[in-house]
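Below: one structure, written as structure tokens.
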Amino acid sequence: MDNTLRTDLLPASLPLFWLAVAAILATALWVALHVTFIRQQRKPAFSFLFAFPVGAMAFWLLLQLGARLVFIASPWPLWGLALLSAAACEATVWIYHHERMLCRPRLRRTMLLLRLVAVATVCLMLVQPVLQREKQRRIRRRVVVLVDDSQSMHRPDTFWTMSERLDMAQAIGELPAARRPLRLAPATNQVFRTRFAYWTERLAAPESAETIERQDTLYDDAAAAARWAEDLGQALAALPAPDPLPQDLRADHDRLKAFQHLLTNQVASAMNKLAGMRPDATPGAETQEPSRDVKADLDAACAAVDKLQAELPDAHRAADVLLQASLDEATRHSISNACATSRVELARQILAGNRDKDSPSLAERLGRRYDLDFYSFASTPLRIADPKAWLATPGAATTTNVTPAVIAERAETDITRAIEKLIQEIPSEERAGMLLLTDGRHTGDAGVEAVARVLGQARTPVSTILVGGTDAPFDFAIASVRSRESVFLGDRVRVDAVLAATGATDVKTQVALLRDGKSVATKDITIQGVDWQEEIRLEDMPEERGTYRYEVKIESDPREILLENNTWSMDVAVSDNRTHVLVVDRRPRWEFRYLRNLFYGRDKSIHLQYFLSEPDVIRGLAPKKPAPPASASREFGDAEASALPTSLEEWRKFDVIILGDVDETVLDDAAVKAIQHCVETRGATLVCIAGPRSMPFAIKNPVFQAMLPIGHAATTNAFAAAPEAEFRVAMTAAGRTHEIMSLSTSQMENNALWNAQPLWRWRLPVEDVKPGAEILAVAAPNEPAADTTFTLDATSGASPEAAVAAFADLRRQEMRQALVVAQPYGTGKVLMLLTDQTWRLRYQVGDTYHHRFWGQIMRWAAGEQLRAGNVYARMGTDRVAYTPGEPVHIRARLSDNQFTPLANLKPMAILANERGDETARIELTYQEGSNGLYEGILQQRLEPGSHHVKLDVPGLGGILGDNLPDNLDCVFSVLTARQPKEAAHVTADERVPRVLAAQSGGKSVSPVEAGILESDFGEPSRIVVETLEIPLWCSPWLFAIILASLTAEWLLRKKGGLT
């Protein structure tokens, strides 16, 4: 707002100084008249006749002066305000004129002044002045520069092709760009191809053909292409060539000459003709545009640039060969030394530029437009504390103190985790883009597609400068090794190894699996192809419990350059601790079949017992001998049971009880009471899978109803219909962070996986979810494009009452559509699946996600497998192998001889290194509400190697007696890397950067093309000027002045005896 719209102001050309002088003089004259009239004792009418016009003029000039300083918001005209103010002041003087004989002159003047102050303040409020101040605000647009700091980036790079080496030399300033005129020619030519393809498509439309023929832009494009082709031809002609020219370079020389001829005699000629100029036209001469077929000329131009694009790769290679041959020995040596440094140092030089040159570096050019945040990353991103010093110091990227923790951090390149963390840290409105400098070797568990799509939707491009050579050497490598950290006695240790080889064809070698240094399995392989990869499986069956060191080893070849990636070691713990699971159902429905196959066939960590009240019967076959009742004491593999456990003692042996679509004929009062005791007292977990015929609405037992986390309406129907035909599974806010719903270590990929699941077609509607229960997943409408997650939208500035109401609405919506609900019950847990469709997780992917989902349920239900001890007392660590700095979780589960959890003990974990020296003592703390679980966390940084942990529990022997385990101890290792991925592939790879660029709208470029990224990140940082408005007329101080002046006047009147 400003005063320019008012029509009652004096022109701005009137100087402010003279306006102020006029206002002061008018005010002084008005005051002088009143003083004179009072002294001469003039009548009020006489005084008003002469003083009022002067006062009105004074107020009008004061308002004109104020309008130059503040904004006047009053809609009244200034002359009206001036007349009103003058009249009010004159009336005040007239009132006091009648009281001049009633008090002393000094008191009268003081009271008059106070009343005038009050009147003037009221007049000021009627004017409604608003103070305006300009405030500058900087809108930050931040580009995050991510420099790959992983192990592969610290390796000296010697795997360059000739062109890549020249590219890097040009990018870091070791080679002038003028000596390689063809390097950026493909990109420029592609621009012209795109433009001419556009004009060809436009000309194909009959209704616009005549307009296109008169379009100057078409001819301007052709003229620009002609100039570019001629300039490029001249630059090629000026290139120095080896003298004398060696015989082996004549073919490249001839190819370059032919390409030069193509530029000048075909491309430039076609473009000049399209632009309306003859190749032999005299410069400056007037030309008359001939009548011709524009479409034919345009087709010829398109054919010329297409042919040029096809010839450019060979011409570029020939030009680089000739350039390499023409370089003197000193320049070659300088380029070789510059490219033989580590990739991370090359990345620093790409950003910092050549300090000996006057041209600004890439970092400086980006910094002029955006705010730059510099991070290094490997496993996780880490902010570079002083980017200027880092950029200015040669070797700064490689001088880090290399400790075991640093080596462990560099052992993985997780681009997804780095980007996800920065998305959380940097507000979306400030993110202009991300710039990665990496060799492209992403070795994290989660793919980059999901996080790249999120950035693409937020218009945050991710561009990559690929650093590193792609000339693969002769090399064998172990790319990855997968094996379970813990297996069960009697089960096989299966090691799945991905082998890779480059530069080798039809080469035979052998892969061996060693256990504690002795070979236990071998496999002969034949390498096919120069870029070969194959997955193999090696197996072993240990005969005793313990922790074993396994090693996968490829037989080396004398031609290999690197041997460090030919072996990889891992530790595997062999334990006899299985999770006892009882599955009960009425009939073998799909959910039961897949669960039975999963627990019985694939997952050896589960000791399964299952009971069907109405099993399938094949007509004509004699019934087989009835199986025994369900019991956790039966041999592993004897899973089928003919009845429920026969005693409470047998019930108590089960860790997880899964109930399918059964009714009260199966779950009688005794079974319900036993299940309730196991969950509440023993700490077992109950999983109920809803069914359309019975579960849970047909079970009226109040004890069972009290255990469930849901409320539902009783029904007499024989079948419970679903409220909709089909739906999608959507995670709630609680579900997104709950381990049951975790299909991936990346939150964004986890969301994408659930959103991509097929439609489910049955669920049981519920009326209520009990307080304290967590809703982990709900049924969402069938909207494939929607991101089906249920969250509470944060409304800025909403009142607490509105936020509470919004949360209550969300909770009610989740209740109506609940699918997965969990709650604690006593010392155990209860999980309610309100659908029997989890088998649909197998759609088109086998049991990958189905197994993962139910495996997460088992881990949530029974906890991590503890390696040492027996069924009464067990202990172990959460992992078998750690990296330096990772916390070690030491856990113990303790119960008495009746499997009742023990909660009042004080276990102590004693750690020792492989030399036997004690390194730490950790007291374990009981986990409230658990089934006898104690836990302690070791935060101390341990040295790489093997470590031994022993559990000392005072008083446990007196409780267990003969059931006390002989040894409560286990072994774990501290490694510098979990996987060999960083050493597996020694060359750079552009596939991941291309995916990031395609999904987010960025680019993937070579170092020499980095300059095109300067303005690739959209709108730059800028400063905006905002007007800050401060209303003065409604200030509390004005009301205080009125009140104070009137109060003071009233006190003075009382003091003077006036009424």
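What is the residue count in the range 514-530 for residues that are surrounded by 13 or more Cβ atoms within 10 Å (Cβ to Cβ), touching a residue at least 24 places away in the same chain (Cβ under 8 Å) and either more than 15 Å from Arg494 (Cβ to Cβ) or among the aromatic types (Phe, Trp, Tyr) (or both)?
Count: 3.
Taking the conditions exactly as written (over 34 Å from the mean Cα position of the chain (by Cα) and not in a loop (DSSP other than H, G, I, E, B)), does Phe697 satisfy them or not?
no
Is it true that Tyr610 is under 44 Å from the mean Cα position of the chain (by Cα), assigned to a helix (DSSP H, G or I) and among the aromatic types (Phe, Trp, Tyr)?
Considered against the rule, which asks whether it is under 44 Å from the mean Cα position of the chain (by Cα), assigned to a helix (DSSP H, G or I) and among the aromatic types (Phe, Trp, Tyr), Tyr610 comes out as no.
Among residues belonging to the range 86-107 that are in a helix (DSSP H, G or I) and in contact with a Leu (Cβ under 8 Å, 6 or more places away or on another chain), point out the one that is modelled with the highest pLDDT.
Cys89
Going through the range 356-387 one residue at a time, which ones are under 22 Å from Leu466 (Cα atoms) and of a type in the set (Lys, Arg)?
Arg365, Arg383
Run Thr438 past the list (1) touching a residue at least 60 places away in the same chain (Cβ under 8 Å); (2) more than 26 Å from Asp878 (Cα to Cα); (3) within 17 Å of the chain's Cα centre (by Cα) and report the number of the one that doesn't hold.
The single condition Thr438 does not satisfy is (3).
Specify which of the listed residues (Glu90, Glu134) is among the acidic types (Asp, Glu) and touching a residue at least 60 places away in the same chain (Cβ under 8 Å).
One residue alone meets the criteria, Glu134.
Kindly indicate whether any position in the range 916-924 is closer than 27 Å to Val656 by Cα and either within 40 Å of the chain's Cα centre (by Cα) or of a type in the set (Gly, Ala, Ser) (or both).
yes
Any residue at all in the range 454-467 that's touching a helix residue (DSSP H, G or I) at 6+ places or on another chain (Cβ under 8 Å), over 19 Å from Trp568 (Cβ atoms), assigned by TED's automatic domain parsing to the domain that holds Ala378 and among the basic types (Lys, Arg)?
No, the range 454-467 contains no residue that is touching a helix residue (DSSP H, G or I) at 6+ places or on another chain (Cβ under 8 Å), over 19 Å from Trp568 (Cβ atoms), assigned by TED's automatic domain parsing to the domain that holds Ala378 and among the basic types (Lys, Arg).
Looking only at the range 676-692, how many residues end up being surrounded by fewer than 24 Cβ atoms within 10 Å (Cβ to Cβ) and either within 15 Å of Leu612 (Cα to Cα) or β-branched (Val, Ile, Thr) (or both)?
Summing the residues that are surrounded by fewer than 24 Cβ atoms within 10 Å (Cβ to Cβ) and either within 15 Å of Leu612 (Cα to Cα) or β-branched (Val, Ile, Thr) (or both) in the range 676-692 gives 3.
Exactly one of these conditions fails for Val830: (1) within 28 Å of the chain's Cα centre (by Cα); (2) modelled with pLDDT of 80 or more; (3) of a type in the set (Val, Ile, Thr). Give me its number.
Failing condition for Val830: (1).
If I filter the range 345-394 down to residues being of a type in the set (Phe, Trp, Tyr) and closer than 20 Å to Gly1011 by Cβ, which single residue comes out as surrounded by the fewest Cβ atoms within 10 Å (Cβ to Cβ)?
Out of the qualifying residues, it is Phe374.
Filtering the range 132-161 down to residues that are modelled with pLDDT of 85 or more and in a strand (DSSP E or B), which residue is farthest from Ala385 (Cα to Cα)?
Pro156
Which one of Asp231, Asp221, Asp252 is assigned to a helix (DSSP H, G or I), more than 26 Å from Glu201 (Cβ to Cβ), at pLDDT 85 or above and in contact with a Lys or Arg (Cβ under 9 Å, 6 or more places away or on another chain)?
Asp252
Go through the range 848-869 and give me each residue that's crowded, with 18+ Cβ neighbours inside 10 Å and over 28 Å from the mean Cα position of the chain (by Cα).
Those that are crowded, with 18+ Cβ neighbours inside 10 Å and over 28 Å from the mean Cα position of the chain (by Cα): Met858, Ala861, Ala862, Gly863, Gln865, Leu866, Arg867, Ala868, Gly869.
Would you mind listing the strands (runs of 3 or more DSSP E) fully within the range 842-935 where at least 3 residues are charged (D, E, K, R)?
Strands (runs of 3 or more DSSP E) meeting the threshold: 918-923.
For Gly546, only one of the following conditions fails: (1) among the small types (Gly, Ala, Ser); (2) in contact with a Lys or Arg (Cβ under 7 Å, 6 or more places away or on another chain); (3) within 23 Å of Ser605 (Cβ to Cβ). What is its number?
Unmet for Gly546, out of (1) among the small types (Gly, Ala, Ser); (2) in contact with a Lys or Arg (Cβ under 7 Å, 6 or more places away or on another chain); (3) within 23 Å of Ser605 (Cβ to Cβ): (2).
Which one of the conditions (1) among the basic types (Lys, Arg); (2) free of Cβ contacts under 8 Å to residues at least 40 places away in the same chain; (3) not assigned by TED's automatic domain parsing to the domain that holds Val679 does Arg874 fail to meet, given that it meets all the rest?
(2)
So which residues in the range 923-971 are touching a residue at least 12 places away in the same chain (Cβ under 8 Å) and among the small types (Gly, Ala, Ser), if there are any at all?
Within the range 923-971, Gly929, Ser930, Gly932, Gly936, Gly945, Ser946, Gly955, Gly961 meet the criteria.
Could you grab me the full set of residues in the range 998-1009 that are outside any loop (DSSP other than H, G, I, E, B) and surrounded by fewer than 21 Cβ atoms within 10 Å (Cβ to Cβ)?
Across the range 998-1009, the qualifying residues are Ala998, Gln999, Val1005, Glu1009.
Taking the stated definitions as given, is Val992 assigned by TED's automatic domain parsing to the domain that holds Ala408, in contact (Cβ under 8 Å) with a residue 40 or more places away in the chain, in contact with a helix residue (DSSP H, G or I) (Cβ under 8 Å, 6 or more places away or on another chain) and over 18 Å from Val143 (Cβ atoms)?
In short, yes.
Here's a check for you: in the range 974-989, which residue that is not in a helix (DSSP H, G or I) and not aliphatic (A, V, I, L, M) is surrounded by the most Cβ atoms within 10 Å (Cβ to Cβ)?
Pro980
Of the conditions (1) on the phi > 0 side of the Ramachandran plot; (2) at pLDDT 85 or above, Ala378 satisfies every one except a single condition; which number is it?
(1)
Of all residues in the range 506-555, which are among the polar types (S, T, N, Q), more than 19 Å from Ser575 (Cβ to Cβ) and touching a strand residue (DSSP E or B) at 6+ places or on another chain (Cβ under 7 Å)?
Within the range 506-555, Thr509, Gln510, Ser519, Thr522, Thr526, Gln533 qualify.
If Tyr198 satisfies every condition in (1) among the aromatic types (Phe, Trp, Tyr); (2) out of contact with any helix residue (DSSP H, G or I) (no Cβ under 9 Å at 6 or more places or on another chain); (3) surrounded by 18 or more Cβ atoms within 10 Å (Cβ to Cβ); (4) not in a loop (DSSP other than H, G, I, E, B) but one, which is the exception?
The number of the failed condition is (3).
Report yes if Gly1018 is touching a strand residue (DSSP E or B) at 6+ places or on another chain (Cβ under 8 Å) and either more than 30 Å from Arg133 (Cβ to Cβ) or not assigned by TED's automatic domain parsing to the domain that holds Ile415 (or both), otherwise no.
Answer is yes for this residue.
Among the listed residues Glu174, Glu164, which satisfies the condition of being under 30 Å from Ile407 (Cβ atoms) and at pLDDT below 90?
Among Glu174, Glu164, only Glu164 is under 30 Å from Ile407 (Cβ atoms) and at pLDDT below 90.
Would you check if Ile536 is among the hydrophobic types (A, V, I, L, M, F, W, C), over 23 Å from Ile606 (Cα atoms), in contact with a Lys or Arg (Cβ under 7 Å, 6 or more places away or on another chain) and in contact (Cβ under 8 Å) with a residue 24 or more places away in the chain?
Taking the combined requirement at face value, the residue satisfies it.
The values are calculated or read from the model by the stated rules, or taken from the named source; none is laboratory data. Quantities reported herein were computed from a predicted structural model and do not represent experimental measurements. Every residue, glycine as well, gets a Cβ built from its backbone with ideal geometry; the counts of neighbours run over all protein chains shown.
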